[in-house]
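Asker: Here it is, the structure in full.
The values are calculated or read from the model by the stated rules, or taken from the named source; none is laboratory data. On a predicted model such as this, the values are computed, not experimentally measured, just so you know. Quick reminder, even Gly has a Cβ in these numbers, built from the backbone with ideal geometry, and neighbours come from all protein chains shown.
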Protein chains: 2
Amino acid sequence: MQEKLEELKKRLAEISDLNNATAVLGWDQQTYMPSGGVAARAQQLATLSHIAHEKFTDNAIGHLLEDLHEYAGGLPYDSDDASLIRVTKREYDKAHRVPPALVSEIALASARAFDAWRKAKDASKFSDFAPFLQRNLDLKRRYAECLGYTERIYDPLLDDYEPGMKTAQVEAIFEEVRKEIVPLVYAISSKLNMVDNSFLCQVFDEQKQWDIGVEAARLIGYKFERGRLDRSPHPFTTSFSVDDVRITTRFMQNYFPAAFFATIHEAGHALYNQAIRHELERTPLGDGASLGVHESQSRMWENLVGRSRPFWKFFMPRLQAVFPKQFGHLSPEHVYRAVNRVQPSLIRVEADEITYNLHIILRFELENALLEGRIVVNDLPEAWNAKMQEYLGITPPNDAEGLLQDVHWAHGSFGYFPTYSLGNFFAAQLFVQIGKEIPGIDKYFEEGEYHILRDWLSARLHTHGRKFTMDELAYKITGEPLQIRPFIAYLKNKYGEIYNL
Amino acid sequence: MQEKLEELKKRLAEISDLNNATAVLGWDQQTYMPSGGVAARAQQLATLSHIAHEKFTDNAIGHLLEDLHEYAGGLPYDSDDASLIRVTKREYDKAHRVPPALVSEIALASARAFDAWRKAKDASKFSDFAPFLQRNLDLKRRYAECLGYTERIYDPLLDDYEPGMKTAQVEAIFEEVRKEIVPLVYAISSKLNMVDNSFLCQVFDEQKQWDIGVEAARLIGYKFERGRLDRSPHPFTTSFSVDDVRITTRFMQNYFPAAFFATIHEAGHALYNQAIRHELERTPLGDGASLGVHESQSRMWENLVGRSRPFWKFFMPRLQAVFPKQFGHLSPEHVYRAVNRVQPSLIRVEADEITYNLHIILRFELENALLEGRIVVNDLPEAWNAKMQEYLGITPPNDAEGLLQDVHWAHGSFGYFPTYSLGNFFAAQLFVQIGKEIPGIDKYFEEGEYHILRDWLSARLHTHGRKFTMDELAYKITGEPLQIRPFIAYLKNKYGEIYNL
């Protein structure tokens, strides 16, 4: 049996190397690649993905997993070997059920849809994109049918990003969140001017923005000798091994929070990958548990830490040293309030902590309705705008700032959006737990001792890599599955105070 | 037959994508990779190479080549299809003859030897490296036996870098060159002080060095939108497609020529790859003909152009604009003479145009003697130093500046060195030819019209990619095989004038 396990690991290591090579090519594409490189890079990426997919769906892997099934059953659920066999089987079964021809069709359609989306967005004309969206939907329906489901067609799609999570569970959670948040947004909407953030909109030298971002990333524990920071139009984190986890950020000359919080956000993702146990490398376990769990880490560092009062008590002198003219005359409290200003707005990625989740809920509801045929593509603009009005009290003036703003549907990534909010909820739940286990954590934050939180997260969560699902991790760490109470309480407490509700 | 050809091309395209992906990983390793990334990157590179090798040596490719043999015979020798089949068969036959186990053994041994070499070089102690060199030699002898040869064991090794070239041919050429150059070196050695280059050894701001290097690269026609310049410890050129050809350089704060000529040298390599016909991409023809032919291009732009009088007549005002303090008071003639100063010295990569070839001849003679058992590894230091004294009139004071200076033998790359000099000779031969075809080429150079040379090279040489060998190209372009007369005449003419011989 050990031989079979070794054979499985050998095959998975090769596939993992291919996936990591693909990630290097992707990183290069988004950071340094000259414009001339586009066409060849697309071919190189397609070839690597194709080979990795072919090797992963090889029947030999299926046979090895079958042969190892009983062996895994005799091991503790959370052992490395049992987890490897379990998680690999979960991913193999999914990959194996989808015919390669459909995989290629989806890749081709989404490449075309991406192109159409970019143009439609530039022209702010949804109707130009609609046929491509329709095609993506049709293909993803076929994809979901291949994977199979018992309750909802959205289930197998969601499962690609958030393994084990069910549509019904998300629906119930979102329903509750929406009921709590919409009134909060309406209450704050009448008091928007209570918070002044105009001083965040001055000219900030780019090199200095870079430096203060690096300082913050280092502070929370990002290891530059095992990673690096670069510029890219859309910030992202990518990992080629536990010891090479890279982040990117982007700069806005006239708005300080853009680069600063993007850097902390990505560093939060990177802390996760940098702390996965080396033993899990070159296996399917050598990655984050899911998109939602990953997002819980980036959001925790960005929002629960980076937008907290204790953080700014510590960090303010550092900020003032770099930008004396812009911040010298202000108190930590000024910055704390300014970076937490609530403002119902059109664009998801610019949204504050409260309204952000309404953007997500809207997308989740609409993509479900589309997939289940409760609305058709042509009705989407109207449905989008109606929900924007209902949840946020605003209506997009055009398609570019409305339903064309995000790339996800052009990529065919239906089921991706909810993971952002699930990450927010899980982050708050974990934060309550650490508060119980380490009394006075805020005091550590005020003193710049962020390793307390980082080490706790690493030992409880990061180290496990992809062994467990989000609910399993929630149980393991907090004794409960995913909860939203902590997140709602956090919002009400924090914003109730800021806006005197 | 067309179907078989398409099948062959499809397979070769996939392998080409893998090789280009490997090149991206290599570029990243030498430019931006954090130190933590080393171990995982070695695995990723090994996996990609292994898969590419496995796919290339697949019997199916052998069968396709056999089936296509007759078809190719009916086509013109220089047609794309005949060339593709011929060159692929040449490389397939070699790759197929070497057992995969030996390939792995060589990779492992050279990785270990590289490590040992680095340490031995730091300690300047050849005896620490000797057993690893012995191991590399033994393995490369076995490798050469697998490939087979009729005359010299060095033949199949040389052929890896310079297809079609024979040891006896190089030996004859080098013998003649040595006889001409050694007296020249001795003659100049008594007049070293005739040329002052002290003004090249001032402080030069790195950003300004960068800018002037970019200006020179652009001037000779390097396209930045289809490439980019980065820093790396050892300058190199790498290509991921015809439209993504990247170069690197390195900076010495106190010596202007280091970065400047490294940038022109690498841009010269890059011009070659940027001008290969798109139709040859994703096939074994989509690369340079050989290391020697590649080097002919880099050396031509670096030395025959960049170290020429007409170049400095044109470029001097540009240099003075960037470095007024350092060069404002000097004439083009000052710089022309200074960048052509001859100085017999210990280190190959710092050598001038004349002595450089003696460094190469020495290495070629010694690696041949080692492989043929005419000397043993333990005798190498003595043999090295004796030849240095004979050819250059100097004796290395230690191993680090003697036989440990180059990485090639640690990599097991026996047969690589001569290509540097072959490139020098071929460059001079091509230069004579363009002089015949385009009268007054110097005038164009004085006016900054470098596209005349570049377009000529692209049309005559670059466009063909890897279709022809060096000798074939020499015949095709100049009507003769590789010649050394033009190179010797060039040296005697240029340095005879500078040193008043």
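Asker: Of everything in the range A:467-490, what is more than 30 Å from A:LEU184 (Cα to Cα) and in contact with a helix residue (DSSP H, G or I) (Cβ under 6 Å, 6 or more places away or on another chain)? Give them in sequence order.
Answerer: Once the filter is applied, which keeps residues that are more than 30 Å from A:LEU184 (Cα to Cα) and in contact with a helix residue (DSSP H, G or I) (Cβ under 6 Å, 6 or more places away or on another chain), the range A:467-490 yields only A:LYS467.
Asker: Quick one: which helices (runs of 4 or more DSSP H) lie wholly within the range B:1-116 and hold at least 3 residues that are under 26 Å from the mean Cα position of the chain (by Cα), more than 27 Å from B:LYS140 (Cα to Cα) and not charged (D, E, K, R)? Let's see the steps before the verdict.
Answerer: Details: elements: B:2-31, B:38-56, B:59-73, B:80-97.
Result: B:2-31, B:80-97.
Asker: I'm checking my understanding of the structure. Among residues of the range A:5-29 that are without any contact (Cβ under 8 Å) to a residue 24 or more places away in the chain and not acidic (Asp, Glu), which one is surrounded by the fewest Cβ atoms within 10 Å (Cβ to Cβ)?
Answerer: Of the residues in the range A:5-29, the ones without any contact (Cβ under 8 Å) to a residue 24 or more places away in the chain are A:6, A:10, A:25, A:28-29.
Keeping just the survivors that are not acidic (Asp, Glu) gives A:10, A:25, A:29.
Details: A:LYS10: 10, A:LEU25: 22, A:GLN29: 17.
Residue satisfying both the conditions and the ranking: A:LYS10.
Asker: Next question, about the same structure. Inside the range B:60-95, can you point out the residues that are under 22 Å from B:ILE477 (Cβ atoms) and in contact (Cβ under 8 Å) with a residue 40 or more places away in the chain?
Answerer: B:ASP78, B:ASP80, B:SER83, B:LEU84, B:VAL87, B:ARG90
Asker: In the range B:305-328, is there at least one residue being over 23 Å from B:SER189 (Cβ atoms), more than 14 Å from chain A (Cβ to nearest Cβ), crowded, with 22+ Cβ neighbours inside 10 Å and among the small types (Gly, Ala, Ser)?
Answerer: For the range B:305-328, residues over 23 Å from B:SER189 (Cβ atoms), more than 14 Å from chain A (Cβ to nearest Cβ), crowded, with 22+ Cβ neighbours inside 10 Å and among the small types (Gly, Ala, Ser): present.
Asker: Another question, then. Among the residues of the range B:444-465, are any closer than 19 Å to B:ILE354 by Cα and surrounded by fewer than 19 Cβ atoms within 10 Å (Cβ to Cβ)? It would help to see each step written out before you state the result.
Answerer: Step one: filter the range B:444-465 for residues closer than 19 Å to B:ILE354 by Cα, giving none.
No, there is no match, as no residue in the range B:444-465 is closer than 19 Å to B:ILE354 by Cα and surrounded by fewer than 19 Cβ atoms within 10 Å (Cβ to Cβ).
Asker: Quick one: in the range B:225-242, which of the residues that are over 16 Å from A:GLN44 (Cβ atoms) and not in a loop (DSSP other than H, G, I, E, B) is farthest from the other protein chains (Cβ to nearest Cβ)? Write out each step before concluding.
Answerer: Of all residues in the range B:225-242, those over 16 Å from A:GLN44 (Cβ atoms) come to B:225, B:227-237.
Next cut, not in a loop (DSSP other than H, G, I, E, B) only: B:225, B:229-231, B:237.
Details: B:GLU225: 5, B:LEU229: 10, B:ASP230: 8, B:ARG231: 12, B:THR237: 14 Å.
Per the stated criteria, the residue is B:THR237.
Asker: Out of A:ARG277, A:ARG250, which single residue is surrounded by fewer than 19 Cβ atoms within 10 Å (Cβ to Cβ) and under 24 Å from A:ALA338 (Cα atoms)?
Answerer: Values: A:ARG277 fails: under 24 Å from A:ALA338 (Cα atoms).
Answer to the selection: A:ARG250.
Asker: Here is a list of conditions, (1) in contact with a Ser or Thr (Cβ under 8 Å, 6 or more places away or on another chain); (2) among the small types (Gly, Ala, Ser); (3) on the phi > 0 side of the Ramachandran plot, and B:GLY148 meets all of them except one; can you say which number that is?
Answerer: Looking at each condition in turn, B:GLY148 falls short on (1).
Asker: Is it the case that some residue within the range A:205-223 is in contact (Cβ under 8 Å) with a residue 60 or more places away in the chain and under 17 Å from the mean Cα position of the chain (by Cα)?
Answerer: no
Asker: Yes or no: A:ASN385 among the polar types (S, T, N, Q), modelled with pLDDT of 95 or more, surrounded by 15 or more Cβ atoms within 10 Å (Cβ to Cβ) and more than 14 Å from the chain's Cα centre (by Cα)? So that I can check it myself, show each step before the final result.
Answerer: Details: among the polar types (S, T, N, Q): yes; modelled with pLDDT of 95 or more: yes; surrounded by 15 or more Cβ atoms within 10 Å (Cβ to Cβ): yes; more than 14 Å from the chain's Cα centre (by Cα): yes.
So A:ASN385 passes the test.
Asker: Right, here's the next one. Could you please give the count of residues in the range A:264-277 that are closer than 21 Å to B:ASP28 by Cβ and of a type outside the set (A, V, I, L, M)?
Answerer: So the answer is 4.
Asker: Among the helices (runs of 4 or more DSSP H) confined wholly to the range A:243-353, which include 1 or more residues that are at pLDDT 95 or above and under 20 Å from the mean Cα position of the chain (by Cα)?
Answerer: Working: elements: A:256-274, A:291-299, A:309-322, A:324-327, A:332-338.
Counting at least 1 such residues, we get A:256-274, A:291-299.
Asker: Report the residue count in the range A:19-28 for those that are more than 7 Å from chain B (Cβ to nearest Cβ) and in contact with a Leu (Cβ under 6 Å, 6 or more places away or on another chain). Give the derivation first.
Answerer: As a first pass, look at the range A:19-28 and keep what is more than 7 Å from chain B (Cβ to nearest Cβ): A:19, A:22-23, A:26-27.
Filter once more, so that each one left must be in contact with a Leu (Cβ under 6 Å, 6 or more places away or on another chain): A:22.
Selection size over the range A:19-28: 1.
Asker: Which residue pairs have Cβ atoms closer than 7 Å, lie 6 or more positions apart in sequence or on different chains, and pair a first residue in the range B:296-308 that is closer than 9 Å to B:HIS265 by Cβ with a second residue that is outside any helix (DSSP H, G or I)?
Answerer: Listed pairs, sorted by first residue: B:ASN303/B:GLU353.
Asker: On to the next question. Test of understanding: among B:VAL177, B:VAL195, B:VAL185, B:VAL170, which residue is surrounded by 14 or more Cβ atoms within 10 Å (Cβ to Cβ), in contact with a Lys or Arg (Cβ under 9 Å, 6 or more places away or on another chain), more than 14 Å from chain A (Cβ to nearest Cβ) and more than 30 Å from B:GLU279 (Cβ to Cβ)? It would help to see each step written out before you state the result.
Answerer: Details: B:VAL177 fails: in contact with a Lys or Arg (Cβ under 9 Å, 6 or more places away or on another chain); B:VAL185 fails: in contact with a Lys or Arg (Cβ under 9 Å, 6 or more places away or on another chain); B:VAL170 fails: in contact with a Lys or Arg (Cβ under 9 Å, 6 or more places away or on another chain).
After ruling out the rest, the residue left standing is B:VAL195.
Asker: Between a first residue in the range A:120-139 that is over 14 Å from A:GLU367 (Cα atoms) and basic (Lys, Arg) and a second residue that is at pLDDT 95 or above and not in a helix (DSSP H, G or I), which pairs have beta carbons less than 6 Å apart while being 6 or more apart in sequence or on different chains?
Answerer: From residues that are over 14 Å from A:GLU367 (Cα atoms) and basic (Lys, Arg), the pairs are A:LYS121/A:ALA400; A:LYS121/A:LEU404.
Asker: Restricting to the range B:425-444, count the residues that are touching a Phe, Trp or Tyr at 6+ places or on another chain (Cβ under 6 Å) and either under 30 Å from B:PHE114 (Cα atoms) or in contact (Cβ under 8 Å) with a residue 60 or more places away in the chain (or both). Full working, then the answer.
Answerer: Keep residues of the range B:425-444 that are touching a Phe, Trp or Tyr at 6+ places or on another chain (Cβ under 6 Å), which gives B:425, B:428, B:434.
Next, from what is left, pick out any that are either under 30 Å from B:PHE114 (Cα atoms) or in contact (Cβ under 8 Å) with a residue 60 or more places away in the chain (or both): B:425, B:428.
Summing the residues that are touching a Phe, Trp or Tyr at 6+ places or on another chain (Cβ under 6 Å) and either under 30 Å from B:PHE114 (Cα atoms) or in contact (Cβ under 8 Å) with a residue 60 or more places away in the chain (or both) in the range B:425-444 gives 2.
Asker: Which is more than 12 Å from chain A (Cβ to nearest Cβ), buried (at least 23 other Cβ atoms within 10 Å of the Cβ) and closer than 24 Å to B:GLU449 by Cα, of B:TYR272, B:TYR222? Step through it out loud before you land on a result.
Answerer: Values: B:TYR222 fails: more than 12 Å from chain A (Cβ to nearest Cβ).
Testing whether each residue is more than 12 Å from chain A (Cβ to nearest Cβ), buried (at least 23 other Cβ atoms within 10 Å of the Cβ) and closer than 24 Å to B:GLU449 by Cα leaves just B:TYR272.
Asker: Check B:ARG112, B:ARG97, B:ARG41 and return the single one that is basic (Lys, Arg) and within 27 Å of B:MET1 (Cβ to Cβ).
Answerer: Numbers: B:ARG112 fails: within 27 Å of B:MET1 (Cβ to Cβ); B:ARG41 fails: within 27 Å of B:MET1 (Cβ to Cβ).
After ruling out the rest, the residue left standing is B:ARG97.
Here is a yes/no grid of residues against (1) at the interface with another protein chain (Cβ under 8 Å from one of its Cβ atoms); (2) among the small types (Gly, Ala, Ser); (3) in contact with a helix residue (DSSP H, G or I) (Cβ under 9 Å, 6 or more places away or on another chain):
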site	(1), (2), (3)
A:MET1	no, no, yes
A:GLU14	yes, no, yes
A:ASP17	yes, no, yes
A:GLN30	no, no, no
A:GLY36	yes, yes, yes
A:PHE56	no, no, yes
A:GLY74	no, yes, yes
A:SER79	no, yes, yes
A:LEU84	no, no, yes
